[in-house]
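Structure record follows, encoded as structure tokens.
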Amino acid sequence: MKRTLAFLSLLFILGALLYIANPDYGLKFGLGGDDWKNLRYTDDYYITHGVEEVGGTNIVTDIVFDYRGYDTLGEATVLFTAIAGAVVLLRPWRRDEE
């Protein structure tokens, strides 16, 4: 019974993901088309103004460390907290032996 329920859950999740990934029904922007160009205006802004505003020559590094600096700092904090929590939970408990 549990195995059947697990397979049905997995099948439902897969069907939902396929529905969302279908450009005709789910996501309305994807590769190509005029809608995609209208919704992706930040890409053009970063490419045209990145060198002038930041002064770097690598646009990926400029986006990660200058435009999205706080976001990158937050992601690093969450990653560090998750690793520290896993280390604390997985280490063996030490008891003082008297």
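Read-outs: derived from the displayed coordinates by stated rules, not from any lab. Bear in mind that the values here come from a model prediction, so they are computed numbers and not experimental data. Heads up, the Cβs are rebuilt from the backbone with ideal geometry, glycines too, and the neighbour counts pull from every protein chain shown.
For this structure, a couple of remarks:
- Gyration tensor verdict on segment 40-92 (Cα atoms; rounded if a/c is under 1.5, prolate if a/b is larger than b/c, oblate otherwise): prolate
- Using a Förster distance of 30 Å, the FRET efficiency for Arg68-Asn38 (Cβ separation, nearest 0.05): 0.85
- Förster radius 41 Å - calculated FRET efficiency between Val51 and Ala16, Cβ distance, rounded to 0.05: 0.50
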